[in-house]
Amino acid sequence: MKDSRGRVIDYMRVSVTNKCSMRCRYCISDNSKYDNNILSFDEITEICTVGAELGINKIKITGGEPLSREGTVRLISRIKAIKGIDSVTLTTNGLLLEKYAEEIYRAGTDSVNISLDSLDREKYKYITGCDSLDIVLRGIDKLYSYGIPIKINTVLMKGINDDMDTIELARDRHIDVRFIEMMPIGGGRNFGPILKNRLPNGRRLAERGNGPAVYYAVDGFKGRIGLISPVSAKFCSECNRIRLTVDGFLKGCLCYADGVDIKNEGDIKAAFERVIKNKPNEHCFENRDNITEKKDMNEIGG
Ligand code: SAM
């Protein structure tokens, strides 16, 4: 389906839980809420089926931490089986990857994004509140052994992880490492955006990949390095996404609280049509007073 700006909306991020065992400083704020009135997997599957009839063909499973909800990987298989869905991907903090890697592979997951903000144990612990760097690295190794495409997401924080050491994960393996500019949502309201524009020996590969990242090839590295700069280089004119929160709220833009509560609306198709028709032209992260979204990232799904 196209929105009123002519953008083709074919991608939906689906949050399956708002719970997360990590406390990333830029994500969860102190007043983050844990809603227990969450969609069942049957309801999520039904919503994705209607979405697919309207042209949604890519689904990202997110949270909170999606692997912390029992049955999430089985949900991936169910959504993969929906007619019209071409790809189902997952984004995770990696804590449960070692346990679920094989299941994720068998479910046919098309790719996995893993949040990893530093390779320095102390910095990692400071950022996430969790002393689990080694566990996550083991999970990445195991997932990589199944050949599933992996993207590492590093949110840059000035003076904390702007040495960009996670780039090392792309040196010897075909893993893409993407550096993401901080967005002023959730804990991110306490930080300013930074993004390094130039990478040493970086050769720009293409205007954009399939999504918002600009990818670079770096000499001596097997993986690509991506920069995602939602604030300093808006990509709203190419935005193809909508978001389904864990409690069944369908949103057109990360920045605004507007959307439709599918449970109240009843008619799922009508909910999609309203959200897509009213999708905001662009976000307003550069003008924080105009941001109406008060939820944290873990409540929305990033
Ligand atoms: N726990 C999962 C994970 O770590 O991927 C899924 C949820 S997390 C909210 C999804 C993505 O949002 C992660 O890549 C995270 O780094 C990103 N994120 C959270 N807060 C952010 C912020 N303020 N600015 C930019 N990205 C943010």
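The values are calculated or read from the model by the stated rules, or taken from the named source; none is laboratory data. Predicted model only: the values in this text are computed from it and were never measured. Here Cβ is always computed from backbone atoms with ideal geometry, including for glycine, and neighbour counts include all displayed protein chains. Ligands, DNA and RNA are stripped out before the accessible areas are found, and what is left, the full protein with its side chains, is counted by its heavy atoms. Shrake-Rupley method; radii C 1.70, N 1.55, O 1.52, S 1.80 Å.
What to note about this one:
- Remark: Leu133 matches the filter, which requires a residue to be aliphatic (A, V, I, L, M), in contact with a Lys or Arg (Cβ under 6 Å, 6 or more places away or on another chain) and surrounded by fewer than 23 Cβ atoms within 10 Å (Cβ to Cβ).
- The listed residue being open to solvent by less than 20 Å² (accessible area, probe 1.4 Å), of a type outside the set (Phe, Trp, Tyr), outside any helix (DSSP H, G or I) and more than 11 Å from the ligand (Cβ to nearest atom), out of Met22, Met12: Met12
- Any chance Gly108 is out of contact with any Pro (no Cβ under 7 Å at 6 or more places or on another chain), under 14 Å from Asn153 (Cβ atoms) and touching a residue at least 24 places away in the same chain (Cβ under 8 Å): no
- If you check Asp134, Asp117 for being at pLDDT 95 or above and out of contact with any strand residue (DSSP E or B) (no Cβ under 7 Å at 6 or more places or on another chain), only one passes: Asp134.
- Test: residue in the stretch 25-47 that is part of a helix (DSSP H, G or I), crowded, with 19+ Cβ neighbours inside 10 Å and free of Cβ contacts under 8 Å to residues at least 60 places away in the same chain: no
- Extreme residue, least open to solvent (accessible area, probe 1.4 Å), among residues of the stretch 227-244 that are assigned to a loop (DSSP other than H, G, I, E, B) and closer than 23 Å to Lys2 by Cβ: Pro230
- Residue ID - surrounded by the most Cβ atoms within 10 Å (Cβ to Cβ), chosen from residues in the stretch 156-183 that are among the acidic types (Asp, Glu) and assigned to a loop (DSSP other than H, G, I, E, B): Glu181
- The set of residues from the stretch 48-79 being more than 18 Å from the chain's Cα centre (by Cα) and surrounded by fewer than 23 Cβ atoms within 10 Å (Cβ to Cβ) comprises Thr49, Val50, Ala52, Glu53, Leu54, Gly55, Glu70, Gly71, Arg74, Ser77, Arg78.
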